[in-house]
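Contents: one structure, followed by commentary.
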Amino acid sequence: MNLQTSISHPLPRRPLPDSCHFDLLDVSALQDPCSGRIVHLYSMVARCLTCELVFKAQEGQGLVSTSVARVLRCPTGCGQQSLRGAALRQWNAQPA
């Protein structure tokens, strides 16, 4: 008689495919000065290219961090886009 119970381990959650795209207008993050790695992402200001809404996203409010990417979501429900760390590290504000 086997007394061990089967424990199901959930599969790692992967972000859904990109269903929207954004222009990043501002990124507020703490970066490691040597590697440029983002230690903490405070917020992003983005423009949804579908509905043209400009919004500020923070963790839990339009921004979800996963182990492989940050997922930016439009507050109007247009869609979402996954942003890899490398893309955020290389982000620079465009001159107005």
Search segment 61-79 for residues being within 9 Å of the chain's Cα centre (by Cα), of a type outside the set (S, T, Y) and open to solvent by less than 60 Å² (accessible area, probe 1.4 Å), and hand back the single one that is farthest from A46 (Cα to Cα).
A69
Can you run down the residue pairs with Cβ atoms below 7 Å, 6 or more apart or on separate chains, where the first is in segment 17-31 and farther than 17 Å from Y42 by Cα and the partner is modelled with pLDDT of 85 or more and open to solvent by 40 Å² or more (accessible area, probe 1.4 Å)?
C20/T50; C20/C78; H21/L49; F22/R47; F22/L49; D23/R47; D23/L49
Sort out for me the strands (runs of 3 or more DSSP E) sitting completely within segment 30-85 that have 2 or more residues that are of a type in the set (D, E, K, R).
54-59, 70-73
Scan segment 11-20 and give yes if some residue there is modelled with pLDDT of 90 or more and loosely packed, with under 12 Cβ neighbours inside 10 Å, otherwise no.
no
Check whether at least one residue in segment 41-57 is in contact with a Pro (Cβ under 6 Å, 6 or more places away or on another chain) and at pLDDT 90 or above, and report yes or no.
yes
What is the residue count in segment 32-43 for residues that are surrounded by 13 or more Cβ atoms within 10 Å (Cβ to Cβ) and either free of Cβ contacts under 8 Å to residues at least 24 places away in the same chain or closer than 14 Å to H21 by Cβ (or both)?
1
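The values are calculated or read from the model by the stated rules, or taken from the named source; none is laboratory data. Note that the structure is predicted; figures quoted are calculated from it, not measured. All Cβ positions, even for glycine, are placed from backbone atoms using ideal geometry, and neighbour counts span all protein chains on display. Please note that ligands, DNA and RNA were not included when accessible areas were found on the heavy atoms of the full protein model with its side chains. Shrake-Rupley method; radii C 1.70, N 1.55, O 1.52, S 1.80 Å.
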